[in-house]
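Dropping the structure in here first, questions after.
Coordinate-derived values only; no laboratory data. Here the structure is a predicted model, which is why all the values come from computation and not from measurement. Neighbour counts are summed over all protein chains in view; Cβ atoms, including those assigned to glycine, are modelled from backbone coordinates with ideal geometry.
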Amino acid sequence: MGKTFRPSNREASIISKIESSKEHARRVILNKVKDCIDPLSNAIAMKLVENKLVETTSKNTLEEQIGKCIDNLNRFEDFDIDYQIAPFRNLVPQPHIVSLFVTSFVLEKLIDHKSVVDIYGADEDIYHCINQQVRKYLPA
């Protein structure tokens, strides 16, 4: 018979503080994102096209779609955000929530848009390209 693990009050308190600090950081980032939607969507769209990860017929349409995606972060509930990023949660060790959300949008929804010809590169390449731009506007 295996030993039952029961955390002490101190361990439970520490774990609770870690979890609440992670949730607080997430809420702060999601509140800051609404202040930089336009420049962030422009930077992400430009880098995706420059790095030849997304081939499109209209860079402006790509920018608009990414802008709408980032704007959705303010409207979505936590469950909706977690549901959308679930397939990509293990893409990198400590993902940035905004980068992960935009990456999932690009890989799952944007590929079907009429102005997008094709999306190239691995999921990690697309994440890192998006994350570089997100970190400029929303440092962790």
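Would you mind checking segment 101-118 for residues with the amide N under 16 Å from a putative spin-label position 7 Å along Cα→C-beta of Val92?
Of the residues in segment 101-118, 101-107 have backbone N under 16 Å from the label point off Val92.
Compute the acute angle (0 to 90°) between the alpha-carbon long axis of helix 37-50 and the principal axis of greatest extent of the alpha-carbon atoms of the chain; round to the nearest 10°.
70 degrees
Pop out the ³J(HN,Hα) list for segment 58-66 in order, Karplus 6.51 cos²θ - 1.76 cosθ + 1.60 with θ = phi - 60°, rounded to Hz; leave Gly and Pro as x.
8, 5, 5, 5, 4, 4, 4, 5, 5
Next question. Here are labelled values, [x] 45, 30, 24; [y] 34, 17, 13; [z] 24, 17, 13, and one is the computed semi-axes √(5λ) of the Cα gyration tensor in Å for what I pasted. Which one?
Derived directly from the coordinates: [y].
Counting Lys +1, Arg +1, Asp -1, Glu -1, what net charge surrounds Leu40 among other residues with beta carbon under 14 Å of its beta carbon?
Around Leu40, the surrounding residues sum to +1.
Here is a further query. Using modelled amide H (1.01 Å from N, peptide plane; none on Pro or chain starts), what sits under 5 Å from the amide H of Tyr120, excluding residues fewer than 5 places away?
Answer set, sorted by chain and number: Val54, Glu55.
Another question, then. Cα axis of helix 9-32 to longest principal axis of the chain: angle in degrees, 0 to 90, nearest 10?
20 degrees
Can you give me the distance in nm between label points at Asn51 and Lys34, each placed 7 Å from the Cα along the Cα-to-Cβ direction?
2.9 nm
Taking the Cα atoms only, what angle lies between the long axis of helix 97-108 and the longest principal axis of the chain, rounded to 10 degrees?
Approximately 50 degrees, to the nearest ten.
Residue by residue through segment 68-82, what is 3J(HN,Hα) from phi via Karplus (6.51 cos²θ - 1.76 cosθ + 1.60, θ = phi - 60°)? Round to whole Hz and write x for glycine and proline.
5, 4, 5, 5, 5, 4, 6, 8, 6, 6, 4, 4, 5, 5, 4
Moving on to the next point. Sorting Leu40, Leu48 on the 10 Å Cβ count, fewest up front, what's the list?
On the way: Leu40 22, Leu48 27.
Fewest to most other Cβ atoms nearby, the residues stand as Leu40, Leu48.
Can you give the calculated 222 nm mean residue ellipticity of the chain, where each DSSP H run of n ≥ 4 adds -39,500 (n - 2.57) and the sum is split over every residue, rounded to the nearest 500 deg cm²/dmol? Don't jump to the answer; show the numbers that get you there.
Values: 6 runs with 90 residues, N = 140.
Rounded to the nearest 500, the figure is -21000 deg cm²/dmol.
Using a simple spin-label model with points 7 Å from Cα along the Cα→Cβ vector, what separation in nm is obtained for Asp78 and Asp112?
According to this spin-label approximation, the distance is 2.9 nm.
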